[in-house]
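Each remark here refers to the structure printed beneath this line.
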Amino acid sequence: MENGKEVVMAAPEPEVQPPATVPDLEWCEKSEETQDPQIELLETTSTQEPPNPLEPFRPRDCMVPVVFPGPVSQEGCCRFTCELLKHIMYQRQQLPLPYEQLKHFYRKPFPQAEDVVKKKPRATAEVSSRKCQQTLAELESVLSHLEGLFARTLVPRVLILLGGNALSPKEFYELDLSRLAPNSMDPSLSTAACLRRLFRAIFLADAFSELQVPPLMGTIVMAQGHRDCGEDWFRPKLNYRVPSRGHKLTVTLSCGRPAIPATTWEDYIWFQAPVTLKGFHE
């Protein structure tokens, strides 16, 4: 009230928020040669639990749901698993380079490999080369036996465990394949297109940014399969329970079809790779 007159304040105009910055996704949209039918894929979203200000800071668990508009082949499910394993080991600095680059450089004769490690003294370069070749050999063995497991049985879930042990890892990553329909009679989606969509969703989820730089850790791979599938390399773990502690990233894949009944998985058990993958630094 001023000089007997009521002063009416104008309501402030709402602040205009700038558009969200979208990372450059050109790298994950590159075309790849495929022989599968090309089907446009649906957009995917990622969800993260909001932080609780009353709790001490810790990396947030993250869930990345990816929906495909059709069935995916069993070979495609295997490829998702293998590529996710390679990606996690590189992102969590258990490999100094992406798997394909590392395999290319260290499969060369020693003089070229020595150039890759920046002309270190010969003895040091030899040790680095041996460690890398051992890591690659173990990883290739796990990848090869995963292909065998997927050929024998449906694999509804895969765990990639870093650090600690299988019961109490420091970090664990779950790939949930139970909602896919790998045995559908309909044409399967392009595996390459599905891979691009999968890794685009993981990239947008920004699941690794809050994690601290890790030390070298062991990596354990576990997968569910039918108890009577005849698997003789992965070791059955009849009473295994999925860990409840440690940073967790869950990637759930589905194909827009009705969920497979839970009773389907009653005769499925966990299998553990007998090899613990050792990280490698140059």
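Summary table
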{"read-out": "All positions within the stretch 88-108 that are touching a Phe, Trp or Tyr at 6+ places or on another chain (Cβ under 8 Å) and surrounded by fewer than 19 Cβ atoms within 10 Å (Cβ to Cβ)", "value": "Y90, Q91, P96, L97, P98"}
{"read-out": "Failed criterion for R245 (all others in (1) over 15 Å from F172 (Cα atoms); (2) touching a Ser or Thr at 6+ places or on another chain (Cβ under 7 Å) hold)", "value": "(1)"}
{"read-out": "Failed item, numbered, when P243 is tested on (1) within 30 Å of R130 (Cα to Cα); (2) open to solvent by less than 20 Å² (accessible area, probe 1.4 Å); (3) assigned to a loop (DSSP other than H, G, I, E, B)", "value": "(1)"}
{"read-out": "Test: residue in the stretch 134-153 that is touching a Gly at 6+ places or on another chain (Cβ under 7 Å) and charged (D, E, K, R)", "value": "yes"}
{"read-out": "Verdict on L216 being touching a Phe, Trp or Tyr at 6+ places or on another chain (Cβ under 8 Å) and either surrounded by 16 or more Cβ atoms within 10 Å (Cβ to Cβ) or within 21 Å of V66 (Cβ to Cβ) (or both)", "value": "no"}
{"read-out": "Test result for S184, under 20 Å from P71 (Cα atoms), open to solvent by 20 Å² or more (accessible area, probe 1.4 Å), in contact with a Gly (Cβ under 7 Å, 6 or more places away or on another chain) and among the polar types (S, T, N, Q)", "value": "no"}
{"read-out": "Those residues of the stretch 246-282 which are assigned to a loop (DSSP other than H, G, I, E, B) and farther than 28 Å from P98 by Cα, in sequence order", "value": "C255, G256, R257, P258, A259, I260, P261, E266, D267"}
{"read-out": "Of all residues making up the stretch 153-189, the number that are free of Cβ contacts under 8 Å to residues at least 60 places away in the same chain and hydrophobic (A, V, I, L, M, F, W, C)", "value": "1"}
{"read-out": "Residue list for the stretch 70-103, restricted to those being of a type in the set (V, I, T) and out of contact with any strand residue (DSSP E or B) (no Cβ under 6 Å at 6 or more places or on another chain)", "value": "V72"}
{"read-out": "The lone exception for T219 - which of (1) assigned to a strand (DSSP E or B); (2) closer than 18 Å to I269 by Cα; (3) polar (S, T, N, Q) it fails", "value": "(2)"}
{"read-out": "Pair list, Cβ under 7 Å, 6 or more apart: the stretch 190-206 residue closer than 17 Å to Y173 by Cβ and open to solvent by less than 20 Å² (accessible area, probe 1.4 Å), other residue in a helix (DSSP H, G or I) and among the acidic types (D, E)", "value": "L195/E83"}
{"read-out": "Condition check for E210: among the acidic types (D, E), part of a loop (DSSP other than H, G, I, E, B) and either in contact (Cβ under 8 Å) with a residue 40 or more places away in the chain or open to solvent by 30 Å² or more (accessible area, probe 1.4 Å) (or both)", "value": "yes"}
{"read-out": "All positions within the stretch 162-217 that are at positive phi and at pLDDT below 90", "value": "D206"}
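The values are calculated or read from the model by the stated rules, or taken from the named source; none is laboratory data. Just so you know, these numbers come straight off a predicted model, no measurement behind them. Note that we place each Cβ from the backbone using ideal geometry, even for glycine, and neighbour counts take in every protein chain shown. These accessible areas exclude ligands, DNA and RNA; they are computed on the full protein's heavy atoms, side chains included. Shrake-Rupley method; radii C 1.70, N 1.55, O 1.52, S 1.80 Å.
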